[in-house]
1. When the chain is treated as a GNM, springs tying every alpha-carbon pair under 10 Å, which of Gly216, Gly21, Gly165 comes out with the largest mean-square fluctuation?
2. Taking the Cα centre of region 5-53 as origin, work out the dipole magnitude from +1 charges on Lys and Arg Cβ and -1 charges on Asp and Glu Cβ, in debye rounded to 20.
3. Quick check for me: using +1 on Lys/Arg Cβ and -1 on Asp/Glu Cβ, what's the dipole size of the chain about its Cα centre, in debye to the nearest 20?
4. With both bridge residues required to lie in the chain, what share of the DSSP beta bridges run antiparallel, to the nearest 5%?
5. Along region 19-25, what does the Karplus equation 6.51 cos²θ - 1.76 cosθ + 1.60 (θ = phi - 60°) give for ³J(HN,Hα), rounded to whole Hz, x for Gly and Pro?
6. Once both axes come from the Cα atoms, what is the angle between helix 3-14 and the longest principal axis of the chain, in degrees from 0 to 90, rounded to 10?
7. Any chance you could tell me what percent of the C-alpha pair distances in the chain go past 36 Å?
8. Whole-Hz Karplus ³J(HN,Hα) for region 114-120, in order, using 6.51 cos²θ - 1.76 cosθ + 1.60 and θ = phi - 60°, x for Gly and Pro?
Amino acid sequence: MDFTQKLRQAVSSANSVLCVGLDPDPERIPRPLREKFPDEPEMIYEFCKKIIETTGSEVCAFKPNMAFFEALGHEGWRVFEEITKLIPSEKIVIADAKRGDIGNTARKYREAFFERLQIDAITLNPLMGMDTLEPFVHDDEKALFVLTMTSNGGAADFLQRRFQGRMSLGEYIAEELSKKQELVNTHLGMVVGATQTESIQPVLNAHPASHLLIPGIGAQGGSPSMLKEALKHHEGIPVINSSRAVIYAGDHEENWIEKVHAKAAEMKESLKLITRRYA
C-alpha cells in the first residue's frame with residue numbers, strides 16, 4: 001500500500017482529517033499524572049499513551065514533535081520509539097523533525113526515521129537545497145512534508161517574501177516539489193499554515209496534488225471555515241494538526257483525559273466541513 005492509499009484509508013476510517021500533535025512538555029503534563037509518575041521519561045510515556053488511546057477514534061494521524069523527546073536525552077529516543085508502537089497501524093505517523101541536510105547526514109536521518117523506526121512521514125526543511133530531499137525519495141510507502149508556508153509569524157522573514165518573480169519563496173519551493181514529484185516515488189507533501197490562508201493560495205496552485213500537513217488550528221487561531229475556502233480546489237489530502245489545544249485541554253484537573261477526548265471530538269466536528277470532501 002502506498003502512502004496516498006494509507007492516508008485515504010486513515011481519513012475514511014476515522015471520518016476525520018484531524019491530526020493530534022504529541023508535544024509532551026513536562027511542565028504542562030496534568031498534575032495527577034505527574035504525581036503518579038515522578039520519573040520524567042515514564043511520565044511522558046504514560047501521558048502520550050493516554051492521549052493516543054483517548055483520541056485515536058477522532059484522528060487520522062499522530063504527529064510526535066521530536067524536540068520534546070530529544071530534550072530527555074537518550075531516554076527520549078527510547079520513549080519515542082515505544083510510543084510509536086502504541087499508535088494503531090492504520091493511523092499515519094508523522095515525525096515532526098524538521099531535518100534538512102545533505103549527503104551522508106540526510107541518509108542517516110532517513111535510516112533513523114524510515115528504516116529503523118518505520119515512520120510513515122517526516123517534516124523536512126528545504127532551505128539548504130532540494131538535494132537535501134534526495135535520500136528520502138525512493139519509497140512510495142513514505143511521505144515528506146516539506147516546510148513551504150509555515151504557520152508562525154516568522155514565515156514573513158523568508159517564506160512569504162517575493163522570489164524570482166513568484167509571489168513568495170514558498171511558491172517557488174512548491175513549484176520545485178511539483179517538478180520533483182514527477183521523478184520520485186515518495187510523496188512530496190507540504191507544510192502550510194492554517195494561519196496563512198491569504199498567502200497559501202499561490203503555493204497550493206503550484207503543487208496541486210500535494211498532501212498537506214496544516215498546523216495552526218487551535219492554539220494558533222487558524223479558522224476551519226477560511227481553510228475550507230482556501231482548499232476548495234486543492235487535489236491533495238489535508239492533514240490538519242492540533243497539538244496544545246487538544247492534549248492540554250484538561251489542564252491539571254482530575255478528569256483531564258475526559259476533557260482531552262471532548263476537545264478532540266469537538267475539533268474533529270469543527271473540521272467536518274473539510275473532511276466530507278475526503279472521507
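The values are calculated or read from the model by the stated rules, or taken from the named source; none is laboratory data. Computed from a predicted structure; not experimentally measured. Every residue, glycine as well, gets a Cβ built from its backbone with ideal geometry; the counts of neighbours run over all protein chains shown. We work out accessible area using only protein heavy atoms, side chains counted, and drop any ligands, DNA or RNA first. Shrake-Rupley method; radii C 1.70, N 1.55, O 1.52, S 1.80 Å.
1. Result: Gly165 has the largest fluctuation of those listed.
2. 360 debye
3. 680 debye
4. Bridges in the chain that DSSP calls antiparallel: roughly 5 percent.
5. Computed from phi, the couplings for region 19-25 are 10, 9, x, 9, 10, x, 8 Hz.
6. So the inclination is approximately 40 degrees.
7. 11 percent
8. 8, 9, 6, 8, 6, 6, 6
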